[in-house]
Amino acid sequence: MSRFLAKKYKMLDAYVPGEQPRDKKYIKLNTNEFPYPPAPDVIAAVNADVISDLRLYSDPTAKALKEALAKYYGVGAENVFVSNGSDESLNFAFACFFEDGVAFADLTYGFYSVFADLYGIDAKIIPLDKDFSIVPDDYIGLDRGAVIANPNAPTGKALPLSDIERIVASNPDRVIVVDEAYVDFGGESAIPLTKKYDNLLVCMTYSKSRGMAGARLGFAIGNADLIADLELMKYSTNPYNLDSLALRMGAAALTDASKAYYEEKVGEVIRVREETAKKLEVLGAEVLPSKANFLFVKLPNIAGGVAYQKLRERGILVRHFSKARIADYLRVSIGTADDMKAFINAVKQIIEV
Ligand SMILES: *Cc1c(COP(=O)(O)O)cnc(C)c1O
């Protein structure tokens with residue numbers, strides 16, 4: 001830190017991304033990436049001509065991508081905001097909507113508390129219950145906005161849409177952000193509710209279920225006035241927030257052929273998830289019921305930190321969080337069937353005493 005850094009930033013405790021090690025080849029089950037490449041249409045969308053066009057600025061209105069997303073999700077283009085990863089949509093949402101504070105779970109996506117600190121927003125931390133579930137009643141009639149990851153991370157547990165609607169309806173003068181990064185793996189999307197409630201913003205990403213984490217593509221869907229506020233933030237910081245390759249690939253991921261491709265691959269991830277959960281349970285592990293592309297797991301007779309390290313030594317990377325309540329759990333992304341076979345074999349080795 002230099003002596004020139006603005007005082008207000010000196011205490012910032014930045015988000016720590018999962019490792020992306022380059023030292024050796026790991027089976028990477030630590031950052032919830034998709035185990036398959038993007039759809040063939042996405043790959044075909046980029047060629048030498050498109051790359052030559054990089055000399056021009058990208059379309060700041062992202063018209064084609066917004067229209068494609070609007071069609072795909074059955075909303076209007078004015079209801080869609082596109083962003084550099086969904087982290088950017090979340091960033092702008094915190095900047096715009098949580099002046100009076102924000103509520104979120106004690107165990108949820110780590111970036112929420114970072115954004116709250118960045119903007120000096122008062123955060124009300126609401127503990128999950130003993131089964132690691134969000135208690136919807138805790139979010140009824142709040143004195144502030146809220147952000148809810150549904151399905152939640154790192155637990156993988158999902159709330160039914162009826163609970164999300166109850167929360168949104170009970171806070172008509174507060175913005176409720178629902179972060180649906182994992183919704184394609186078994187959750188229920190709140191997008192249809194954005195037509196009924198002007199205080200609901202749904203954030204989504206191409207990073208988890210479309211195999212495009214490196215393209216940095218996210219979007220938010222909501223009432224046109226909420227979207228206009230996010231645009232205000234964008235045009236006040238970075239009007240060309242998506243590069244022209246990402247804009248093209250984003251639209252190509254929504255064609256009928258891409259849709260069919262992703263449905264098949266997502267189905268495979270779900271199948272492998274359920275199979276892996278069963279095998280872990282047979283080994284005596286505690287496994288939370290997951291609607292995401294990862295499992296939250298407590299292995300028998302081994303501390304979480306030790307299990308993390310021993311798996312790493314065996315070439316398998318998972319995510320371990322040191323927070324006391326979950327220090328004995330691992331978050332394990334679902335890879336290919338072969339990846340998970342290797343994971344289960346390694347687990348067998350490390351829990352044998
Ligand atoms: C991965 C993730 C994000 C961020 O996704 P990007 O689009 O890659 O920025 C947001 N929210 C949750 C809950 C996530 O797990």
Going through segment 181-194 in order, the residues found to be within 11 Å of the ligand (Cβ to nearest atom) and either out of contact with any Ser or Thr (no Cβ under 8 Å at 6 or more places or on another chain) or not hydrophobic (A, V, I, L, M, F, W, C) (or both) are Tyr182
For segment 183-204, pairs from a residue that is of a type in the set (D, E, K, R) to a residue that is within 12 Å of the ligand (Cβ to nearest atom) and assigned to a loop (DSSP other than H, G, I, E, B), with Cβ under 7 Å and 6 or more apart or across chains, are Asp184/Ser209
_Filter result for Leu254 (in a helix (DSSP H, G or I), touching a helix residue (DSSP H, G or I) at 6+ places or on another chain (Cβ under 9 Å) and on the phi < 0 side of the Ramachandran plot)_ = no
* Asked: Are any of the residues in segment 202-214 assigned to a helix (DSSP H, G or I), within 14 Å of the ligand (Cβ to nearest atom) and assigned by TED's automatic domain parsing to the domain that holds Ala153?
  -> yes
(1) out of contact with any helix residue (DSSP H, G or I) (no Cβ under 8 Å at 6 or more places or on another chain); (2) away from the ligand (no atom under 11 Å from the Cβ); (3) assigned to a helix (DSSP H, G or I) all hold for Lys234 apart from (1)
Result of the Cβ filter at 6 Å on segment 22-47, keeping first residues that are closer than 17 Å to Ala257 by Cβ and partners that are basic (Lys, Arg), at least 6 apart or interchain, is Tyr36/Lys265; Ala45/Arg248
Of the candidates Val114, Val147, Val178, the one satisfying the condition of being within 14 Å of the ligand (Cβ to nearest atom), free of Cβ contacts under 8 Å to residues at least 40 places away in the same chain and under 30 Å from Lys8 (Cβ atoms) is Val178
Filtering segment 278-292 down to residues that are basic (Lys, Arg) and crowded, with 21+ Cβ neighbours inside 10 Å yields Lys291
> If you check Tyr112 against the conditions, is it of a type in the set (Phe, Trp, Tyr), within 30 Å of Asp173 (Cα to Cα), within 16 Å of the chain's Cα centre (by Cα) and surrounded by fewer than 18 Cβ atoms within 10 Å (Cβ to Cβ)?
Replying inline: no
Filter segment 299-348 for residues that are in a loop (DSSP other than H, G, I, E, B) and among the β-branched types (Val, Ile, Thr); the one that is farthest from Val272 (Cα to Cα) is Ile302
Only unsatisfied item for Glu88, checking (1) buried (at least 20 other Cβ atoms within 10 Å of the Cβ); (2) away from the ligand (no atom under 16 Å from the Cβ); (3) charged (D, E, K, R), is (2)
Open item on the list: Being exposed (fewer than 15 other Cβ atoms within 10 Å of the Cβ) and modelled with pLDDT under 95 is the requirement here; does Ala324 meet it?
Closed with: yes
Looking at this structure, is Ala105 within 13 Å of the ligand (Cβ to nearest atom), over 21 Å from Ser209 (Cβ atoms) and not charged (D, E, K, R)?
yes
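Residue-by-condition table, conditions (1) away from the ligand (no atom under 16 Å from the Cβ); (2) of a type in the set (Gly, Ala, Ser); (3) in contact with a Cys (Cβ under 8 Å, 6 or more places away or on another chain):
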| site | (1), (2), (3) |
| --- | --- |
| Thr61 | yes, no, no |
| Glu67 | yes, no, no |
| Gly74 | yes, yes, no |
| Leu118 | no, no, no |
| Asp129 | yes, no, no |
Scanning segment 50-74 for residues that are touching a Ser or Thr at 6+ places or on another chain (Cβ under 7 Å) and surrounded by 16 or more Cβ atoms within 10 Å (Cβ to Cβ) gives Ser58
Picked from segment 4-27 (must be within 17 Å of the chain's Cα centre (by Cα) and either under 16 Å from Phe343 (Cα atoms) or away from the ligand (no atom under 13 Å from the Cβ) (or both)), the residue surrounded by the most Cβ atoms within 10 Å (Cβ to Cβ) is Glu19
Counted residues in segment 117-162 being within 17 Å of Leu201 (Cβ to Cβ) and charged (D, E, K, R) come to 1
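The values are calculated or read from the model by the stated rules, or taken from the named source; none is laboratory data. Values in this document were obtained by computation on a predicted structure and should not be read as measured data. All Cβ positions, even for glycine, are placed from backbone atoms using ideal geometry, and neighbour counts span all protein chains on display.
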